[in-house]
Every structure is written in C-alpha cells, then in structure tokens.
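S.K.: Can you keep this structure in mind? I'll have questions shortly.
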Amino acid sequence: MRRKPVISVDWNGRETVAMLSQAIAHTGQIQLRLPAEYNHALFQRLHPEARGSTIENVHRSGDSDLLKTVSGIDGLEDLALIVDMLHAEEASVQIVSPPEVIIRIPGEPPPAA
C-alpha cells in the first residue's frame, strides 16, 4: 500500500513539477487541479474534431502519452518533464472537467531509507 492514497496539488507551473516528482514516489494517486481557464484548451487539444457549439466536457483516459499531448498547451509545457517518470511507473492518466489531471500509479512505493 502506498503511504498516502491521494495527494492533491494545484498547478502553478514549473514549481509544481518538483512536487509532482516527489509525489509519484509516495502515493498511489495524484489529483492535479488546473485553473478553470485551461478547460477550453484541453478540450480543443483532446477533441480537435468537435464543433464550436459542443459543450466542452473533457473526459479522456490513457497512459503518460496523454500528459505529453496536453503539455503542448501554452502554460502546461512543464508537464512534459514528468512524462518519462510516469511511463517508467506504468501510470495511467485521466483528464476531466473541471480541469483536473488524475494520475494513478500502480504498485508499492520504494522502501523508506
């Protein structure tokens, strides 16, 4: 069992990446809350085929490549810095509205030093 079942973090750019990197080693799930203004950009990035009159409700699941996809959005570029770490952990990623990235990390944490 991971030490903390869920860690919640608010996105604040690059400084958040260090917190996420540490959280990956100490939890089974990370809830990364994004500012509301990212919902539109996330929807456009994940649903490029959608028409303009569509309700912008994001709900997409995948692996670390999903995080790599959304790191192409202005202001979220630094998320790319943890993609390889999440890939190594075989983490799953879910992106939902209101804008939140949910990262699930399987397995046990490393033993305490």
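S.K.: Considering Arg33, Arg51, Arg45, which residue is more than 19 Å from Val9 (Cα to Cα) and surrounded by 12 or more Cβ atoms within 10 Å (Cβ to Cβ)?
M.R.: Selected residue: Arg45, the only one of Arg33, Arg51, Arg45 that is more than 19 Å from Val9 (Cα to Cα) and surrounded by 12 or more Cβ atoms within 10 Å (Cβ to Cβ).
S.K.: Of Glu15, Glu56, which residue is acidic (Asp, Glu), assigned to a helix (DSSP H, G or I) and over 12 Å from the mean Cα position of the chain (by Cα)?
M.R.: Going through Glu15, Glu56 in turn, the sole match is Glu15.
S.K.: Working only within segment 59-74, note down all residues that are exposed (fewer than 14 other Cβ atoms within 10 Å of the Cβ) and not in a helix (DSSP H, G or I).
M.R.: His59, Ser61, Gly72, Asp74
S.K.: When you check Asp63 against the structure, is it charged (D, E, K, R), touching a helix residue (DSSP H, G or I) at 6+ places or on another chain (Cβ under 6 Å) and either at pLDDT below 95 or under 19 Å from Leu20 (Cβ atoms) (or both), yes or no?
M.R.: No; evaluated as a whole, the condition is false for this residue.
The values are calculated or read from the model by the stated rules, or taken from the named source; none is laboratory data. Given the structure is predicted, the values throughout are model-derived calculations rather than measurements. Heads up, the Cβs are rebuilt from the backbone with ideal geometry, glycines too, and the neighbour counts pull from every protein chain shown.
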